[in-house]
Amino acid sequence: MANAIYPKWKEARLQSSANAALDGTGATGVYVALIDTASYTYNASHEFYSSAVAGQVGTEVELTGKTFVGGLFDAADSVLTSVSGATSEALIIFIKNAGANTTWRMVAYFDTGVTGLPVTPSGGNINITWNASGIFQL
């Protein structure tokens, strides 16, 4: 699979659906998680993080320093701390809310062009350096 913006998230944004904006923080923030593709396979029909949680390796981290300029979404580089688990080949960006992961919208899937992937966690930190041109553009 090549990098993709989840179609269900695009639909939610176009319809101004709940939990689809990328400007939240904390409990309603935008997060990134490391994914083992042996346990999760991208599917364009997936909408909520409950579809992917079985593939998550380590603890997700909130994206900070988010910017929105000219349709380009970007954020500060991220650090996943003390990661152990399966070899991971992808990243998923998703939006949390106060509900269960069956309501956390998946935004984007990245498995190509990501420096450092695949990675085999060894209990240390994993740095995610986003592309200097931004994370994605609509």
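For the range 102-114, check the following and say yes or no: at least one residue is at pLDDT 95 or above, under 22 Å from A132 (Cβ atoms) and touching a Leu at 6+ places or on another chain (Cβ under 6 Å).
Yes, the range 102-114 contains at least one residue that is at pLDDT 95 or above, under 22 Å from A132 (Cβ atoms) and touching a Leu at 6+ places or on another chain (Cβ under 6 Å).
So G58 ticks every box in (1) free of Cβ contacts under 8 Å to residues at least 60 places away in the same chain; (2) open to solvent by less than 50 Å² (accessible area, probe 1.4 Å); (3) over 17 Å from Q137 (Cβ atoms); (4) not hydrophobic (A, V, I, L, M, F, W, C) but one. Which box is left unticked?
(1)
Out of G116, G134, I need the residue that is without any contact (Cβ under 8 Å) to a residue 60 or more places away in the chain and out of contact with any helix residue (DSSP H, G or I) (no Cβ under 7 Å at 6 or more places or on another chain). Which one? If you could, list the steps in order and put the result at the bottom.
Details: G134 fails: without any contact (Cβ under 8 Å) to a residue 60 or more places away in the chain.
So the residue among G116, G134 that is without any contact (Cβ under 8 Å) to a residue 60 or more places away in the chain and out of contact with any helix residue (DSSP H, G or I) (no Cβ under 7 Å at 6 or more places or on another chain) is G116.
Can you name the residue in the range 43-55 that is among the hydroxyl-bearing types (S, T, Y) and more than 12 Å from the chain's Cα centre (by Cα) and, of all such residues, is surrounded by the fewest Cβ atoms within 10 Å (Cβ to Cβ)? Quick ask: steps written out before the conclusion?
Of the range 43-55, the ones among the hydroxyl-bearing types (S, T, Y) are 45, 49-51.
Imposing the further condition that a residue be more than 12 Å from the chain's Cα centre (by Cα) reduces the set to 45, 50-51.
Numbers: S45: 8, S50: 14, S51: 20.
Selected residue: S45.
Restricting attention to the range 24-51, report how many residues are in contact with a helix residue (DSSP H, G or I) (Cβ under 6 Å, 6 or more places away or on another chain), in a strand (DSSP E or B) and aromatic (F, W, Y). Working first, answer last.
So the first thing to find is which residues in the range 24-51 are in contact with a helix residue (DSSP H, G or I) (Cβ under 6 Å, 6 or more places away or on another chain), and the list is 35-36, 39-40, 44, 47-50.
When the remaining residues are screened for being in a strand (DSSP E or B), the result is 35, 48.
From what's left, aromatic (F, W, Y): 48.
So the answer is 1.
Kindly provide the set of residues from the range 9-30 that are in contact with an Asp or Glu (Cβ under 9 Å, 6 or more places away or on another chain), closer than 17 Å to F68 by Cβ and open to solvent by 30 Å² or more (accessible area, probe 1.4 Å), ordered by number.
T25
Could you count how many residues in the range 94-110 are in contact with a Lys or Arg (Cβ under 8 Å, 6 or more places away or on another chain) and open to solvent by less than 30 Å² (accessible area, probe 1.4 Å)?
The first filter runs over the range 94-110 and keeps only residues in contact with a Lys or Arg (Cβ under 8 Å, 6 or more places away or on another chain), leaving 94-95, 104-106.
Next, from what is left, pick out any that are open to solvent by less than 30 Å² (accessible area, probe 1.4 Å): 94-95, 105-106.
So the count comes out to 4.
Has the range 86-93 got at least one residue that is of a type outside the set (D, E, K, R), open to solvent by 10 Å² or more (accessible area, probe 1.4 Å) and within 19 Å of D111 (Cα to Cα)?
Step one: of the range 86-93, the residues of a type outside the set (D, E, K, R) are 86-88, 90-93.
Subset that is open to solvent by 10 Å² or more (accessible area, probe 1.4 Å): 86-87.
Among the residues that remain, those that are also within 19 Å of D111 (Cα to Cα) are: 86-87.
Yes, the range 86-93 contains a residue that is of a type outside the set (D, E, K, R), open to solvent by 10 Å² or more (accessible area, probe 1.4 Å) and within 19 Å of D111 (Cα to Cα).
Can you tell me which residues in the range 86-138 are farther than 18 Å from T37 by Cα, of a type in the set (S, T, N, Q) and under 16 Å from the mean Cα position of the chain (by Cα)?
Matches in the range 86-138: N97, N101, T102, T103, N127, T129, N131, Q137.
Mind listing just one residue for me: the one in the range 62-75 that is open to solvent by 40 Å² or more (accessible area, probe 1.4 Å) and aliphatic (A, V, I, L, M) and, of those, nearest to the chain's Cα centre (by Cα)?
That would be L72.
The values are calculated or read from the model by the stated rules, or taken from the named source; none is laboratory data. Since this is a predicted model, take the numbers as computed values, not measurements. Virtual Cβ from ideal backbone geometry, glycine too; neighbours counted across all protein chains shown. In case anyone asks, the SASA skips ligands and DNA or RNA and just uses the protein heavy atoms, side chains included. Shrake-Rupley method; radii C 1.70, N 1.55, O 1.52, S 1.80 Å.
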